[in-house]
Amino acid sequence: MKGYTQARWPEPLIFELGRSGRSGVTLPKAEEAVKAIGDWRSLAPKNMLRAEPPDLPEVTEVEVVRHYVRLSQMSYGVDLGFYPLGSCTMKYNPKVCEALANLDQVHWIHPYQEEETVQGALELMYKLSSWLAEITGTDAVSLQPAAGAHGEFVGTLIMRAYHKLRGETRIEIIVPDSAHGTNPASAAMAGFKVVVVPTRGDGCIDMEALKSVLSNRTAGLMLTNPNTLGVFEKDIVEIAKMVHEQGGLLYYDGANLNAILGKARPGDMGFDIVHINLHKTFSTPHGGGGPGAGPIGVKKHLEEFLPVPLVRYDGKKYYLDYDLPHSIGKVRAFYGNFEVLVRAFAYILSMGAEGLRKASEVAVLNANYLARKVSRIEGLTVPYGGLVKHEFVASASKLKSATGVETKHVAKRLLDYGVHAPTVYFPLIVGEALMIEPTETEALEEIDRFAEALSSIVNEAREKREAVLNAPHSTSVGLLDEVKASHPKTLSLSWRMMRKRLKTLRG
Amino acid sequence: MKVDDVNIPDDLYYSREHEWARVEGEGVVRIGVTDYAQKMLHEIVFVNLPKEGVSVKQMEALGAVESVKAVSDVYSPVSGRVVAVNQELLNSPELINQDPYGKGWIALIQPDNLKDDLARLLTASQYADYVKRLLKEK
Amino acid sequence: MFMASPYIPNDPEEVRSQMLKSLGLSSVEELFVDIPEEVKLKRSLALPGPLSEVEVRKEVERILKKNRTVKELLCFLGAGVYRHYVPAAVDFVASRSEFLTSYTPYQAEVNQGMLQALFEYQSMICELTAMDVANSSMYDWASALGEAARMAARVTSRYEFVVPHYISPERYMVLRSYAEPAGIRIVEAPQDRETGRIDLERLKAIVSSKTAAVYIENPSYLGFVVDNADEVAEVVHDVGGLYVVGVDPTSLGVLKPPGDYGADIVIGEGQPLGNYMNFGGPLLGIFACRDDPRLVRQMPGRLIGVTTTVKDSDRGFCMVLQTREQHIRRERATSNICTNEALCALRAAVYMVLLGKNGFKELGELIATLTNYAIKLTSEVKGVKAPLFKAFHFKEFTVNLDGAGLKVSDVNKELLKLEIQGGKDLSNEYPELGQTALYCVTEEHTEADLRRLQRSLKLIVEGSG
């Protein structure tokens, strides 16, 4: 069962490698005719010239490649194994999408080129926009946001602009207590006060509490459906009605869209604004923290507020439309994370309507299957079990009471089994939470192995406690001292700071 | 007194948000967070101290303590003006874990409504009962 | 007719039934009964496909081949996205699965590789900019500017943010989106029309105890180097504000880093470092500041720190100061940013390492030389004035056509016929500059390219009669 061992290189920092005079790449030299105009230095203001070259490493390509290949062996991606992070949708990234994103026609085009020379890019963006609108049940899509949270910021700015244009002062945005942290953070960035509504015993938002906070101060409600407990908000139509009756807007956090592709659409549920995480639902790689893309879809009445430019088609050619007088403006330079959009485009073509529907069906099947298995493991419970969608939340509270082993220990011990831990301690409303999302790209065998690993760890909690409490053992380093990492005396965020600390420690 | 292994000095006043207040000479009030609070937070790695000279109202947030994964606001047990803050905490936030009622003090406040404020706080035994209840719930 | 998907191992009927049976169910529809009937989609999504892998490649290539790349067109565009050489080793490293398909390194012990790589990225940005702390990426320079304004307001509790007159319009628009909801007022600082210098006297009149920060771009959006940038530092520090400087990192091999002339926060565009143009995205926002507790704890974005293991005191890396971030602080977070541009930062790190100390100097010198050569050649064309500013230029410069009586848009149309993509038309952004374009040269341009530009401009100017 075990036997996973991660590479363990005592890899120095790049600053600790190399020798003076080494270099990793050759650059062209200025040609004779170019040099002949004279020394550029004589034209430059002396006070703005760099005195010493930057203190960067001096290494050859050989050393560079070895350094990074070794570092890569000390990292874990979904190409290595199971990565059941809840609400992250770590599904497999098809390699054909990768290959297409690496075409010259993607890499080597500039956003300000004459439009006639980038019709391919504009066509791809236009079509992707319309497909995303179809998938989400919205009417107009902007591909501008660089990530889901960026899309949320756009969405809350749209709410702000919408109410302002109608002459209404609405300062509150409502979120459930199970919301992703980005929801309240985005609302606050757009200048709103955040009002939190509790979750009921059945895992759904408390309707009475929601009713009591909805008012003419409400700009909108932000929900994800299914929510972060993996439970589908079955009162969603009623919720939409309630919010709209108060004059508010309904926002859909697309993090959990993988549960309902081809089965239901946020637009049909009453959502006015939807963001989509291409790096989740549409299988673009996570890159260790990006780049992603967070397109935003809106219903017709909000199209005028979308960020500029939008991609349009006049029957003959594609063009960028900046003529949206009520647009919220821009939230990043240019048009969107195009390289990421290409992957999503290729993915949708590969899957088609049928494939996307199957993806959700199997994602939900995998999650329910695994939830059932996990609920049968002594010490673990699935508080909002029954029927879940693409993810579920387990709790290790019982295990903690019985053995003292907590979720954080289970998470670290799972690493020794060659799987990545699920999301832990989220959502906040479940104690000792493990938020598990297998996705549809995991095989039955893999899911069974994960359940066995959890089961094994629970047994170890009773019979081999030290192994669990001191995990991880098989990773490239043991448990890290996160207190020291953040402590004012030892906080070191760069090579510079590290050297300064050493100086003060040496006295 | 003690509840399980939670220290609750008899001569202090307490709030339900787990702050303590000690009335010292010349009527100033020293405040901090309780042993229960520091146990809940685990290792404290940062203290957001109030600025000297600011005015606070009772139960208004005047700073925060942070562990690696959590932030907890510190609410002032009394109204008044902050006359001193414990600068030691900037470099040694762990003092709150080591000695929450002594070296881990957070601020010194010149109260402006002491009698009424103290009446609204808990005594040591009231706080002990409160902590007992919380521990049972866990 | 759908073949079993290569990406859905449990799709085949046999596997599904087995799993459904273990749940006591017979159809997958039973797993969707929690979706109200009125909301269920009763038709198929109207989408193309599914296509086989062969067909997907053909179709996407068919569409994208309608693009003309800068390998076919001789391109002189810059203005926020730049054509630089991407060393092969950068692509090699960035395509390693363990980096490409990993998530944010929340479980630090199993992701030391990515964490160390990002720590090294942060460190190298610090060396280039002469700052102490850098985060592991923002979306781009523009959003980094927006976040810098918000951070300055949080740090100083002041709400005026001063920007230079000549600023990228894209960055200005994004700044507004981030600043307005936070109640931050954007104020413009005049720049000398001749030299591009910040007008210090008028700046002194503009700043006050309400000023959160003064921001300049150096080199400017229009390519000139602001040579009184150090004096600007004094003016803003005198009123207790912060000094924010926006940079192009490729200039920092030869130009003084902002940390050496008083900057408190440095932002910029990291795309030129090992990242392709990609039609404007993904980009890489640089964000760095001094090691001042007032500043560091108000920084947005991920921060990677170095530490040791609990048991053996081996060196290790992990995310630090997470209490600033949205997953913990929620509505009180310094920013809502979660997914950022980590892989782009990795590419930039590899690039910075390959170039190294001397490479950056060489790159900067080459670009500076080419810029001056390009300026000389274009200004030799009758009727063309280049640059419009009496200052040292790096990488970009203004080219004015008023003397030739031509419009930039018309000239660019003619250039395109000659397979040349001319510089960005500034005539709508800065009408006071007349018919002016922004031209960009990098180490990818050769002497022959620049002579060809000169010849072509000459042809067009003379051809217009």
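The rows are residues; the columns are (1) of a type in the set (S, T, N, Q); (2) in contact (Cβ under 8 Å) with a residue 24 or more places away in the chain; (3) under 25 Å from residue A:362 (Cβ atoms).
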| residue | (1), (2), (3) |
| --- | --- |
| A:378 | no, yes, no |
| A:394 | no, yes, yes |
| A:397 | yes, yes, no |
| A:400 | no, yes, no |
| A:415 | no, yes, no |
| A:447 | no, yes, yes |
| A:452 | no, yes, yes |
| A:455 | yes, yes, yes |
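Being within 35 Å of the chain's Cα centre (by Cα) and on the phi > 0 side of the Ramachandran plot is the requirement here; does residue A:77 meet it?
Details: within 35 Å of the chain's Cα centre (by Cα): yes; on the phi > 0 side of the Ramachandran plot: no.
No.
Would you say residue A:24 is within 8 Å of another protein chain (Cβ to nearest Cβ), touching a Leu at 6+ places or on another chain (Cβ under 8 Å) and more than 30 Å from residue C:253 (Cα to Cα)? Can you show your working first?
Working: within 8 Å of another protein chain (Cβ to nearest Cβ): yes; touching a Leu at 6+ places or on another chain (Cβ under 8 Å): yes; more than 30 Å from residue C:253 (Cα to Cα): no.
So residue A:24 does not fit the description; no.
I'd like to verify a number: residues in region A:361-376 that are touching a Ser or Thr at 6+ places or on another chain (Cβ under 9 Å), more than 7 Å from chain C (Cβ to nearest Cβ) and in contact (Cβ under 8 Å) with a residue 40 or more places away in the chain, how many? So the answer is 4.
Taking (1) among the β-branched types (Val, Ile, Thr); (2) surrounded by fewer than 24 Cβ atoms within 10 Å (Cβ to Cβ); (3) outside any loop (DSSP other than H, G, I, E, B) in turn, residue C:125 satisfies each apart from (2). Being in contact (Cβ under 8 Å) with a residue 12 or more places away in the chain and touching a helix residue (DSSP H, G or I) at 6+ places or on another chain (Cβ under 9 Å) holds for only one residue in C:99, C:32, and it is C:99.
Does residue A:261 fit the bill of being more than 10 Å from chain C (Cβ to nearest Cβ) and over 30 Å from residue C:93 (Cβ atoms)? Spell out how you get there, then give the answer.
Values: more than 10 Å from chain C (Cβ to nearest Cβ): no; over 30 Å from residue C:93 (Cβ atoms): yes.
Answer is no for this residue.
Restricting to region A:322-344, name every residue that is more than 7 Å from chain C (Cβ to nearest Cβ), touching a helix residue (DSSP H, G or I) at 6+ places or on another chain (Cβ under 7 Å) and assigned to a loop (DSSP other than H, G, I, E, B). The answer is A:324, A:326, A:327. Applying the set (1) outside any loop (DSSP other than H, G, I, E, B); (2) among the small types (Gly, Ala, Ser); (3) free of Cβ contacts under 8 Å to residues at least 12 places away in the same chain to residue A:51 leaves exactly one unmet item: (1).
Filtered by the rule that a residue be within 46 Å of the chain's Cα centre (by Cα) and either over 26 Å from residue C:274 (Cβ atoms) or more than 7 Å from every other protein chain (Cβ to nearest Cβ) (or both), region A:27-36 gives a lone residue, A:29. Residues that are within 7 Å of chain C (Cβ to nearest Cβ) and either among the small types (Gly, Ala, Ser) or in contact with a strand residue (DSSP E or B) (Cβ under 8 Å, 6 or more places away or on another chain) (or both) within region A:61-105 comprise A:72, A:75, A:77, A:85, A:88, A:105, listed in sequence order. Within region B:87-121, count every residue that is over 30 Å from residue C:294 (Cα atoms) and buried (at least 20 other Cβ atoms within 10 Å of the Cβ). Going through region B:87-121 one residue at a time, the tally reaches 2. Of the candidates C:377, C:343, the single residue that is facing chain A (nearest Cβ under 7 Å) and either touching a residue at least 12 places away in the same chain (Cβ under 8 Å) or within 30 Å of residue C:423 (Cβ to Cβ) (or both) is C:343. For region A:37-49, a residue qualifies if it is surrounded by 12 or more Cβ atoms within 10 Å (Cβ to Cβ) and more than 7 Å from chain C (Cβ to nearest Cβ), and the qualifying residues are A:38, A:39, A:41. Of all residues in region C:442-461, those that are within 27 Å of the chain's Cα centre (by Cα), closer than 21 Å to residue C:382 by Cβ and either in a strand (DSSP E or B) or β-branched (Val, Ile, Thr) (or both) total 0.
Residue C:135 falls short on exactly one of the conditions (1) buried (at least 24 other Cβ atoms within 10 Å of the Cβ); (2) facing chain A (nearest Cβ under 8 Å); (3) not hydrophobic (A, V, I, L, M, F, W, C), and that condition is (2). Taking the conditions exactly as written (within 12 Å of chain A (Cβ to nearest Cβ) and in contact (Cβ under 8 Å) with a residue 60 or more places away in the chain), does residue C:370 satisfy them or not? So residue C:370 passes the test.
Does residue A:360 satisfy being crowded, with 23+ Cβ neighbours inside 10 Å and modelled with pLDDT of 95 or more? Taking the combined requirement at face value, the residue satisfies it.
Out of the helices (runs of 4 or more DSSP H) lying entirely within region C:1-100, which hold 2 or more residues that are at pLDDT 95 or above and aliphatic (A, V, I, L, M)?
Here the list reads C:13-22, C:53-64, C:88-94.
Here the condition is being in contact with a Lys or Arg (Cβ under 7 Å, 6 or more places away or on another chain) and at the interface with chain C (Cβ under 9 Å from one of its Cβ atoms); of A:190, A:149, A:179, it holds for A:190 alone. Given the criteria in a loop (DSSP other than H, G, I, E, B) and buried (at least 20 other Cβ atoms within 10 Å of the Cβ), does residue C:114 qualify? No, not satisfied. In region C:313-325, is there at least one residue being part of a helix (DSSP H, G or I), assigned by TED's automatic domain parsing to the domain that holds residue C:281 and either under 19 Å from residue C:142 (Cβ atoms) or touching a Gly at 6+ places or on another chain (Cβ under 9 Å) (or both)? Checking region C:313-325: at least one residue is part of a helix (DSSP H, G or I), assigned by TED's automatic domain parsing to the domain that holds residue C:281 and either under 19 Å from residue C:142 (Cβ atoms) or touching a Gly at 6+ places or on another chain (Cβ under 9 Å) (or both). Taken as a whole, the structure leaves residue A:92 outside the set of residues that are within 18 Å of the chain's Cα centre (by Cα), in contact (Cβ under 8 Å) with a residue 60 or more places away in the chain and under 26 Å from residue C:120 (Cα atoms). Restrict the check to region C:293-309 and report whether at least one residue is more than 20 Å from residue C:115 (Cα to Cα), at the interface with chain A (Cβ under 10 Å from one of its Cβ atoms) and under 17 Å from the mean Cα position of the chain (by Cα). The answer is no; no qualifying residue exists.
Condition first: facing chain C (nearest Cβ under 9 Å) and either touching a residue at least 60 places away in the same chain (Cβ under 8 Å) or under 25 Å from residue B:66 (Cα atoms) (or both). Now tell me which residues in region A:488-507 satisfy that. Walk me through it before giving the result.
Going through region A:488-507, the residues facing chain C (nearest Cβ under 9 Å) turn out to be A:488, A:490-498, A:500.
Of everything in region A:488-507, those that are facing chain C (nearest Cβ under 9 Å) and either touching a residue at least 60 places away in the same chain (Cβ under 8 Å) or under 25 Å from residue B:66 (Cα atoms) (or both) turn out to be A:488, A:490, A:491, A:492, A:493, A:494, A:495, A:497, A:498, A:500.
Quick check: is even one residue across region A:432-439 assigned to a loop (DSSP other than H, G, I, E, B) and either free of Cβ contacts under 8 Å to residues at least 12 places away in the same chain or in contact with a Cys (Cβ under 8 Å, 6 or more places away or on another chain) (or both)? Yes, because at least one residue in region A:432-439 is assigned to a loop (DSSP other than H, G, I, E, B) and either free of Cβ contacts under 8 Å to residues at least 12 places away in the same chain or in contact with a Cys (Cβ under 8 Å, 6 or more places away or on another chain) (or both). So, in region C:3-19, of the ones that are within 7 Å of another protein chain (Cβ to nearest Cβ) and among the aliphatic types (A, V, I, L, M), which residue ends up farthest from residue A:370 (Cα to Cα)? Restricting to residues being within 7 Å of another protein chain (Cβ to nearest Cβ) and among the aliphatic types (A, V, I, L, M), the top hit is C:8.
The values are calculated or read from the model by the stated rules, or taken from the named source; none is laboratory data. Computed from a predicted model, the values in this text were never measured in an experiment. Reconstructed Cβ throughout: ideal geometry from the backbone, glycine too, with neighbour counts over all protein chains shown.
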